[in-house]
Amino acid sequence: MQSRTDHRFDPFGPEALALEDSDPLAGGVDDIDLSDPLAFFKHLNAGEPGGLPMPALMEPTQVRQLCKERSSAIFANHGRLRRILDRHELTIQKRWAKKTKRQRLQMLLDGWPNMAPTHRPDFAAFRRESMAQRESGTKFRAHFVWPYINQEDLLKPKSLPLMLKSRGRHPPCDFAAADGDAMYLGRTTKALVPIFLNCYVVTLNGMTRPEEYGRLVAWDDHPDAFDWMHTRKQFMPGEALDILEAQDRLTKFLVHCCEQLLHDMPVAELLGDKYPVQPEPALTSAVEPGSGFGSLAVMAEEAPYRPPGHLDLDRIESLLAARTAASEDHLWALREDPSYLSDELLTYKEHRQEMLKDTNGKPHPVLQGLKMEVFWERVIGNVMLAAHVQLEIFSELARQAEELGRLQAKYAATLSPLKDLPEEYLVAILRFRFFINQLAKDWLNDLKTTVAASPPMRSYFVRLPAENLNHIAITTKPGLKQNAVEKELLWLLKTLWEDGKDLFFARMPMIVDELERLLRAEPRARELVSGYVAGRIGDLSILCECLRQLEIYQPWANGYESASVDREEGIKKDLVGWRDSWTGIYNTMKSRPMVANFKLAEPSDDRSFYPTEKRRTKETVEALRQAEANLDAFWDKFDRTLNAKAGDLGKTALRRLLSQKRTLQRTPEWVAPASAGKTKTAKPAVASPEVDTMYQPPSTLPPEKHVPAQPKTKVKTRGAAAATSAQQTPQPPPADATPTLDTQPTIPVDARALKVFRTLFFQPAVTSTPGEVSWPDFLHAMTSAGFGAEKLYGSVWRTSKTHPSIRALPI
């Protein structure tokens, strides 16, 4: 791990937007004869150490002949596969389901000898071979060409039937771009080097007839040929030959599997009148084994076996809206619940690198004596800033996803794989993609600073002796022994936070998928990932799913990079402009006046004691009100400082949140129970759940500029002060006022679910004591109340609303 500088606190600061110029032709090509391939590749240092590998050259007649042969074979096998499925698909599904794992494996190996044993064999080969070994000729070419052909995935009950259905009932052209993208890792790591033929393009996308599919077209023979290649609507000859090779072998394999499963039927009768065409049977999956609930990880594993996806903006909107709602609730809970704030601070404290002892076994100087105040400033500053910035990030991404949905509906009738996307729609997609890739770096940086310090991981790292309070250098412990699972986990995490060449080669969604697979399969890996780190991985999984949806939007996804060239500067300006809208929040968090306020939020026994689980006695109520008053005092000063220094925040998500009709839940003053005569033993009174709380406006930012500010007022209070606005202190309700209850619809649930909700929403007058609930019981309760549940990554689940009065949230 590289050393890093730790300032007052580690804010999620804006990243530098300058991108390195990686164009190998930078510097001019005036002296290059572009019609001479050897001269062209010599300029690129092809064949030199560290340069591009020299591709094989091929004449147009050879390419045309190969394309024609492979295209004919693909359509012949595809036609046979389609006719088999039309008559026997349900039989094939049933027979595959009945076979043992051993029988399935034998059938797969009969059709594909030496099939890779594990999921994503290209990734395993990438880890195993060095760059030099790949450049000199990889031993695992099949792994890079067909990464989805492997024993681990195809032995699962649904993978092969899914692939048979998708490949047999959709034309080969639908898969051309996806099959090319499947080889991305092989190409970027130089394991696959396509042949080179200049000034030609091969047509695959949108070509449903055999004579058009795989047609070699010279740039001079068609007015659109060069544009097809430049915009990636069609394919360069070398890339096209690889795609046709992949589809040729795959369709033969799938026909073989069908015939093996129908071995008792004579081949001559298989497609005859004896077996009429049947309705297409349904086949669904993407269900987490053992839970019965949907799973994003399973969906990602099954994606190569399904038809190429269309851009599922409803899914993207749902994920981002749910995460935005969670960010709002998180920030609101920090304002409302003293114990929640305290727990968040203590959790983040345990993930600070200052908690690591140095090589001499000594604690960091900032943890000693009066310097602890500096440490808590860092902790509180990070928690506050992360809460506000994540709200801004997910709110903006959700807004962009919603805008994309509107544009998709607007242009749905005019989209064609042979045409460019409308400019407005294309720019919106490129902007969304750019924002995600840039903003994901906040989470990657957070992993870098928190994984090593997390309690389960501390035994693997050590801190170098501190030269000053603002410099922390971390390294792995010398002589550290790790088993295979530990090595794999650390490699995946470091690949993410280092954001270097390995992440570029494999791409973030693949690394996150592999990380999730490891966490699901290995208990030791799960033990080493704290809840805080799992939450950060969960956020990355949401961003990765958005990227995955964009990348399967073929054939247009192939042209994102080339389309970005002319539009990148404008998109960068959009990102900078959006960040400028909340820069005031970022800068104010680091200011000395704001940092001085953080002392009011330091967790301590007297300030954070918040006994919500206890019966309501006079002492308990006074403790609750005092903790709430301490919290309100902190947020009042926080908002006053933000108001004074942050400038115009009218366009921020924070402004929108605090403008909502929300109120803080606060404990009312203790009221002694009416005595019904003298008794020897009087039980402490318990407040009714209907009047157990009162609601008051939060301390908020001032109104928008066009709304006149209210004059300040001062109200004397006894005991715990209510949360007050920087511009207006609300009058407390009369003591005898009846609380206004928010009318909500009644949702019937069974006894099992009711027990869960009574535990979660503990009320002293209804339930005697709070408790814990099992995860299966919680999922059952949520689905009973009208939510659908889907597992994302790590410990993150997403609930999708099915009842109109509730909203979806990540859990």
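When the test is whether a residue is assigned by TED's automatic domain parsing to the domain that holds PRO363 and closer than 30 Å to LYS362 by Cβ, ALA466 passes it. So, GLN549, is that one polar (S, T, N, Q), assigned to a helix (DSSP H, G or I) and either modelled with pLDDT under 90 or in the same structural domain as LEU489 (by TED's automatic domain parsing) (or both) or not? It is true that GLN549 is polar (S, T, N, Q), assigned to a helix (DSSP H, G or I) and either modelled with pLDDT under 90 or in the same structural domain as LEU489 (by TED's automatic domain parsing) (or both). Quick check on segment 347-358. Is at least one of its residues of a type in the set (Ser, Thr, Tyr), buried (at least 21 other Cβ atoms within 10 Å of the Cβ) and under 29 Å from SER395 (Cβ atoms)? No, because not a single residue in segment 347-358 is of a type in the set (Ser, Thr, Tyr), buried (at least 21 other Cβ atoms within 10 Å of the Cβ) and under 29 Å from SER395 (Cβ atoms).
Of all residues assigned to segment 382-404, at least one qualifies as being under 29 Å from PHE235 (Cβ atoms) and either buried (at least 20 other Cβ atoms within 10 Å of the Cβ) or outside the structural domain of VAL565 (by TED's automatic domain parsing) (or both).
Of the residues ASP224, ASP242, only one is modelled with pLDDT under 95 and not β-branched (Val, Ile, Thr); which?
Every option except ASP224 fails the conditions.
Out of SER327, SER342, one residue alone is in contact (Cβ under 8 Å) with a residue 40 or more places away in the chain, assigned to a helix (DSSP H, G or I), among the polar types (S, T, N, Q) and more than 30 Å from ARG463 (Cα to Cα). It is SER327. For segment 149-178, a residue qualifies if it is in contact (Cβ under 8 Å) with a residue 40 or more places away in the chain and either more than 29 Å from GLN278 (Cα to Cα) or small (Gly, Ala, Ser) (or both), and the qualifying residues are GLN151, SER159, SER166, GLY168, ALA176, ALA177, ALA178.
If you go through segment 118-143 and keep only what is assigned to a helix (DSSP H, G or I), more than 25 Å from the chain's Cα centre (by Cα) and within 20 Å of LEU250 (Cα to Cα), you end up with ARG141, ALA142, HIS143. Within segment 496-550, the set of residues being among the β-branched types (Val, Ile, Thr) and surrounded by 22 or more Cβ atoms within 10 Å (Cβ to Cβ) comprises VAL512, VAL529, ILE537, ILE542. Scanning segment 208-226 for residues that are out of contact with any Ser or Thr (no Cβ under 9 Å at 6 or more places or on another chain) and either outside the structural domain of ASN114 (by TED's automatic domain parsing) or over 18 Å from LEU197 (Cβ atoms) (or both) returns THR208, ARG209, PRO223, ASP224. In the set (1) on the phi > 0 side of the Ramachandran plot; (2) free of Cβ contacts under 8 Å to residues at least 60 places away in the same chain; (3) buried (at least 19 other Cβ atoms within 10 Å of the Cβ), the condition left unmet by ARG120 is number (2). Only one entry of VAL595, VAL576 meets the criterion of being closer than 30 Å to ASP636 by Cβ and either surrounded by 15 or more Cβ atoms within 10 Å (Cβ to Cβ) or not acidic (Asp, Glu) (or both), and that entry is VAL595. Which of the residues that make up segment 175-197 are buried (at least 21 other Cβ atoms within 10 Å of the Cβ), under 28 Å from the mean Cα position of the chain (by Cα) and not small (Gly, Ala, Ser)? Across segment 175-197, the qualifying residues are PHE175, ASP179, MET183, LEU185, THR189. Starting from residues that are in a loop (DSSP other than H, G, I, E, B) and free of Cβ contacts under 8 Å to residues at least 60 places away in the same chain, keep the ones in segment 70-117 and report whichever is nearest to PRO281 (Cα to Cα). This residue is LYS99.
Please pick out the residue among LEU204, LEU250 that is surrounded by 18 or more Cβ atoms within 10 Å (Cβ to Cβ), under 17 Å from ALA73 (Cβ atoms) and touching a Cys at 6+ places or on another chain (Cβ under 9 Å).
On the way: LEU250 fails: touching a Cys at 6+ places or on another chain (Cβ under 9 Å).
Criteria check complete, one pass: LEU204.
What residue, of LYS501, LYS487, is without any contact (Cβ under 8 Å) to a residue 60 or more places away in the chain and either farther than 22 Å from PHE434 by Cβ or in contact with a strand residue (DSSP E or B) (Cβ under 7 Å, 6 or more places away or on another chain) (or both)? That would be LYS487, the only listed residue that is without any contact (Cβ under 8 Å) to a residue 60 or more places away in the chain and either farther than 22 Å from PHE434 by Cβ or in contact with a strand residue (DSSP E or B) (Cβ under 7 Å, 6 or more places away or on another chain) (or both). Of the residues making up segment 410-452, those that are under 27 Å from LYS487 (Cα atoms) and either touching a Phe, Trp or Tyr at 6+ places or on another chain (Cβ under 7 Å) or surrounded by 17 or more Cβ atoms within 10 Å (Cβ to Cβ) (or both) are ALA440, ASP442, TRP443, LEU444, ASN445, ASP446, LEU447, LYS448, THR449, THR450, VAL451, ALA452. The lone criterion from (1) surrounded by 15 or more Cβ atoms within 10 Å (Cβ to Cβ); (2) in contact with a Gly (Cβ under 8 Å, 6 or more places away or on another chain); (3) not aromatic (Phe, Trp, Tyr) left unmet by ASP648 is number (1). The number of residues in segment 359-384 being part of a helix (DSSP H, G or I) and of a type in the set (Ser, Thr, Tyr) comes to 0. For segment 406-443, the set of residues classified as in contact with a Leu (Cβ under 7 Å, 6 or more places away or on another chain) and basic (Lys, Arg) consists of ARG433 only. In segment 525-537, the qualifying residues are those that are part of a helix (DSSP H, G or I) and over 22 Å from PHE123 (Cα atoms), and the one that is farthest from the chain's Cα centre (by Cα) is GLU527.
The values are calculated or read from the model by the stated rules, or taken from the named source; none is laboratory data. What you are looking at is a predicted structure, and each value in this text was computed from that prediction instead of being measured. Counting neighbours? That spans all protein chains shown, and the Cβs are built from the backbone with ideal geometry, glycine included.
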